[in-house]
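Visitor: Pasting a structure here, questions to come.
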Amino acid sequence: MWRRCLSAGCRRFGLKGIWGSHAVRRCSAPALPAGRITALQAGDLWRSHFVENGVTEPDHSTHYIIAYLLGAKTIESLEQGKLTELLSREKTEQMWQLCTKRLSRMPVQYVIEEWDFRDLTLKMRSPVFIPRPETEELVELVLRDLEETGVGADEQRTCLEVGCGSGAISLSLLNSLPQLKAIAVDQSQAAVDLTRENASRLGLQDRLQVYHIDVMKDAETFLSLCSSVSALVSNPPYLFSEDMMTLDPEISRFEDHAALDGGKDGLRVIRQILTLAPQILSSPGRVYLEVDPRHPTLIRRWVEANVEEMHYVETQQDITGRPRFCILQKEKSNKDHKLDLD
């Protein structure tokens, strides 16, 4: 698999201090060598050029491009002889094309046009949001709950993903649970198209419905298409708007800002999801959210004050120990409890 540590920055967002300087210098590629060189020699040349021009993770970037060029997942999996063989002129030119894209600060996922998410290899294209390692953890939480609550051979359930991007969450869930069906929506047509392409490539298209819907603008359409789902999963836009100014070039120049900016407090889309959730979920369906570490307390308070049918179940930490995932569950309202008593 493509190594997890390289994801447009090892955390979800390349904020200043993670990616480095926000400024981008215009850089030119080194000249193509006159004679033939090996993959290792080409890699050394480009690694040095990346360092000189402030490109982050120069080693990883070079290694992934070489591995892709030579038909492997990682440079470690290549036969050593491959690295010291002279490249053809065609391969050398391709190496220069790919590395020049990385020199422009294009994330390596877009450069090589694919990336691994859990046990799937997904096609990647700018500006569709690149899935990060935290979201793999989110999928694990959902899978654990669905398996514990009986998604077996005789029971079919439906999962809804809001903001599907490349389809990483839905497709990973479908791949792990053969009886599951999924609905995925996104405000970006590019994301919808890429999710459909990935579903088809993986043979999962028959269990996935994908819609081009903006939940902020098309709530009525959204509700008409999505109902009685067992789980609503989302890695929504959750950056505070002020943080958008601190994004580094790999993200600010290549990824969809609408998939990042969550409004002044980062909760604009999250509030909408939680407002609509009771009308979509079966009882006792759950909502699983990936959020900013500042959000769980804010979300709990807001739900308690504004969404009677939703109960905040728990906050889960990510692998680095930060509060990252919020789990909520649909419960009957007080009005429904009174009807039951009558």
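The values are calculated or read from the model by the stated rules, or taken from the named source; none is laboratory data. Just so we're clear, the structure is a prediction, and the values are computed from it rather than from any experiment. Glycine gets a Cβ as well: all are built from the backbone with ideal geometry, and neighbour counts include every protein chain shown.
Visitor: Considering the range 29-49 alone, what residues qualify as being hydrophobic (A, V, I, L, M, F, W, C) and surrounded by 21 or more Cβ atoms within 10 Å (Cβ to Cβ)?
Guide: Of everything in the range 29-49, those that are hydrophobic (A, V, I, L, M, F, W, C) and surrounded by 21 or more Cβ atoms within 10 Å (Cβ to Cβ) turn out to be Ala39, Ala42, Trp46.
Visitor: From (1) outside the structural domain of Gln179 (by TED's automatic domain parsing); (2) aliphatic (A, V, I, L, M); (3) in contact with a Pro (Cβ under 9 Å, 6 or more places away or on another chain), pick out the condition that doesn't hold for Leu122.
Guide: Failing condition for Leu122: (1).
Visitor: List the residue pairs whose Cβ atoms are under 9 Å apart, where the first residue sits in the range 282-308 and is closer than 10 Å to Pro323 by Cβ, the second is of a type in the set (Asp, Glu) and not in a strand (DSSP E or B), and the two are 6 or more positions apart or on different chains.
Guide: Asp292/Asp243; Pro293/Asp318; Arg294/Asp265; His295/Asp265
Visitor: Residue by residue through the range 217-240, note down the ones that are surrounded by fewer than 16 Cβ atoms within 10 Å (Cβ to Cβ) and free of Cβ contacts under 8 Å to residues at least 60 places away in the same chain.
Guide: Hits for the range 217-240 are Lys217, Ala219, Glu220, Thr221, Leu223, Ser224, Leu225, Ser227.
Visitor: Could you say whether any residue in the range 58-71 is among the charged types (D, E, K, R) and surrounded by fewer than 13 Cβ atoms within 10 Å (Cβ to Cβ)?
Guide: No: the range 58-71 contains no residue that is among the charged types (D, E, K, R) and surrounded by fewer than 13 Cβ atoms within 10 Å (Cβ to Cβ).
Visitor: Anything in the range 81-117 that is among the β-branched types (Val, Ile, Thr) and surrounded by fewer than 18 Cβ atoms within 10 Å (Cβ to Cβ)? List them, or say none.
Guide: Of everything in the range 81-117, those that are among the β-branched types (Val, Ile, Thr) and surrounded by fewer than 18 Cβ atoms within 10 Å (Cβ to Cβ) turn out to be Thr84, Thr100.
Visitor: I need the helices (runs of 4 or more DSSP H) fully contained in the range 75-122, keeping only those with at least 3 residues that are farther than 30 Å from Leu177 by Cα, out of contact with any strand residue (DSSP E or B) (no Cβ under 7 Å at 6 or more places or on another chain) and modelled with pLDDT of 95 or more.
Guide: So the answer is 89-103.
Visitor: Got at least one residue in the range 65-74 being closer than 30 Å to Asp243 by Cβ and either at pLDDT 95 or above or touching an Asp or Glu at 6+ places or on another chain (Cβ under 9 Å) (or both)?
Guide: Within the range 65-74, one or more residues are closer than 30 Å to Asp243 by Cβ and either at pLDDT 95 or above or touching an Asp or Glu at 6+ places or on another chain (Cβ under 9 Å) (or both).
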